[in-house]
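Asks: Got a structure for you, written out below as structure tokens; questions coming shortly.
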Amino acid sequence: MPSAVSSFGATPTLATFLKASKNNSIESGIELLVSLLQRRQIRNSRQCALATAHLLLRVIGQERVRDVQVLIKRVRSVGRRLISAQPREMAVGNIVRRVLGIIREVAEEASAEPESEVAGPSSGGMRELHRPALNSTISSFSPLHQSSALPASFHSRFGSGDSSNDSTPLIQSFSDLSLVEQQQQQRPALAAAHAGSLFGLFQQPGSARNTPPVTGTSTPIPSTPTKGKVALNTATSETIDLKSEILSSIRELLDELDVVDSQIAESALDHIHAGEIILINTSSQTVQRFLAAAARKRKFTSMVHGQVMPDESFKPLTALGTTVIMIPDSAVFALMSRINKVILAPHTVLANGSLLAASGSSTIALAARAHRVPVVVLSGIYKLSPVYPFDTAELIEWGDPSKV
């Protein structure tokens, strides 16, 4: 197993893992990340999500297989190892599921492109409905069968139309088929000539609703393959390399992880107003950027729940002119009546809408519910998990109590 300590003797972080994974093999990088997750040397949702996305980017980039199913199995096997290393870090499983969804989406788009080419540009991406061709002659049993309704060249080609000649096929070769097509092109002129007769109505091309169904008595007409079908067969026979599209989509996912805090901070002015008192439970990077974006244009007071020893994370807020007050656990319910808004930064958002957050968040949420104080949760998409909290005790992680 690779060593979890860098050459300088310091505890490795996300930056040291990214630097080491570039020089090592894929298997060494997987073992290193598994070791760091087990030792809790890479923790928090954002760091775990970035490490997982970078590792899967390398795994897919160095895979030489072009089969999508083999690639999905490879990503699944790596994801199982990472999730089993630290099951409470839901962001690892979320990123693995996002990457699997990207692979399936790219594969579906690639398989849908040949079908759209067969449909043609005029159909708008949908397949044209096949409409059977109309018979070129009228049955001899029909009372509408009159010699004046058909051209003379047609009678000379196919016979007089008596019942004794019904056993002769109407179309004998492709030359007969071309003659029928020429007669179909002359139908508008025939319709104008026989506009006064009843049979002239049947010479005009019918609509899809009036098209009679094909029965067993009609003569089959041989058809030649179209260009679209040949192109479809050719495209499906060749192996399509989808690796470049998958890698570009994963890079977009990494860019999304980098800008998610800035995108959340853009809506700070919609939630924080001048003169409000804000209660904060944790000082995560998302919360700091959110409050800093509002503090640049509005003055408000921040009350920080003192769950840990004071640190320097709120110095940027004080530099912007925001008042920061540290309060203990026992003062949360007493001060909740004066608080205008509560801001929480969850560790994970579960399937039923519940949150996994730092200790003390449940007390703050219950006090806010009793005093009808709105609660704002700041979370990126990578924190949304499909896991349902059947056993809440298994989701709780006990930390070091020395800092409390």
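Asks: Considering the options Thr392, Asn281, Ala358, tell which one lies farthest towards the positive end of the dipole of the stretch 266-403, charges being +1 on Lys and Arg and -1 on Asp and Glu at the Cβ, about the Cα centre.
Replies: Among Thr392, Asn281, Ala358, the one farthest towards the positive end of the dipole of the stretch 266-403 is Asn281.
Asks: Give, as a single signed number, the net charge of other residues whose beta carbon lies under 13 Å from the beta carbon of Ser379, with Lys and Arg counted +1 and Asp and Glu -1.
Replies: Values: positive: Arg46, Lys383; negative: Asp261.
Summing Lys/Arg as +1 and Asp/Glu as -1 gives +1.
Asks: Hey, what's the Cα Rg ratio for the stretch 266-403 versus the globular rule of thumb, 2.2 N^0.38 Å? List each step's numbers first, then the result.
Replies: On the way: Rg = 15.0 Å, N = 138, 2.2 N^0.38 = 14.3 Å.
Its radius of gyration relative to the 2.2 N^0.38 Å reference: 1.05.
Asks: Within the set Lys19/Lys341; Lys22/Lys315; Lys243/Lys383; Lys19/Lys297, which residue pairs have Cα atoms separated by over 30 Å?
Replies: Lys19/Lys341; Lys22/Lys315; Lys19/Lys297
Asks: Let me ask something else about it. Roughly how big is the stretch 29-95's charge dipole about its Cα centre, with Cβ charges of +1 (Lys, Arg) and -1 (Asp, Glu), in debye to the nearest 20? Numbers along the way, then the final one.
Replies: Working: 13 positive and 4 negative charges, 19 e Å.
That gives a dipole near 100 debye.
Asks: Now for a separate question. Take each of the peptides 279-290, 61-72, average the number of other beta-carbon atoms within 10 Å over its residues, and list them starting from the highest. Could the numbers behind the result be given before it?
Replies: Numbers: 279-290: 21.6, 61-72: 12.6.
Peptide ranking by packing, descending: 279-290, 61-72.
Asks: May I pose another question? Only bridges whose two residues both fall in the stretch 266-403 count here: according to DSSP, what percent of them are antiparallel, nearest 5?
Replies: Working: 2 of 18 bridges.
The antiparallel fraction comes to roughly 10 percent.
Asks: Under 11 Å from the Cβ of His347, count the other residues' Cβ atoms, weight Lys and Arg +1, Asp and Glu -1, and hand me the total.
Replies: Details: positive: Arg43, Arg46, Arg88, Lys383; negative: Glu89, Glu397.
Spelling it out: positives minus negatives among the neighbours equals +2.
Asks: With a cut-off of at most 14 other beta carbons within 10 Å, and DSSP calling the residue loop, which chymotrypsin sites (Phe, Trp or Tyr not before Pro) in the stretch 322-404 qualify? Please list them. Mind showing how you got there, number by number?
Replies: On the way: sites: Phe333, Tyr382, Phe390, Trp398; in loops: Phe390, Trp398.
Sites meeting the loop and neighbour criteria: Phe390, Trp398.
Asks: Given R₀ = 30 Å, what would the calculated FRET efficiency be for Ser249 paired with Ile325, taking r from the Cβ atoms and rounding to 0.05? Display every interim value, and only then the final one.
Replies: Working: r = 45 Å, r/R0 = 1.49.
E between Ser249 and Ile325, to the nearest 0.05, is 0.10.
Read-outs throughout are calculated quantities, based only on the coordinates presented, and are distinct from any laboratory measurement. Only a predicted model underlies this, so the values are computations on that prediction, with no experimental measurement involved. Neighbour counts run over all protein chains shown; Cβ positions are idealised from the backbone, glycine included.
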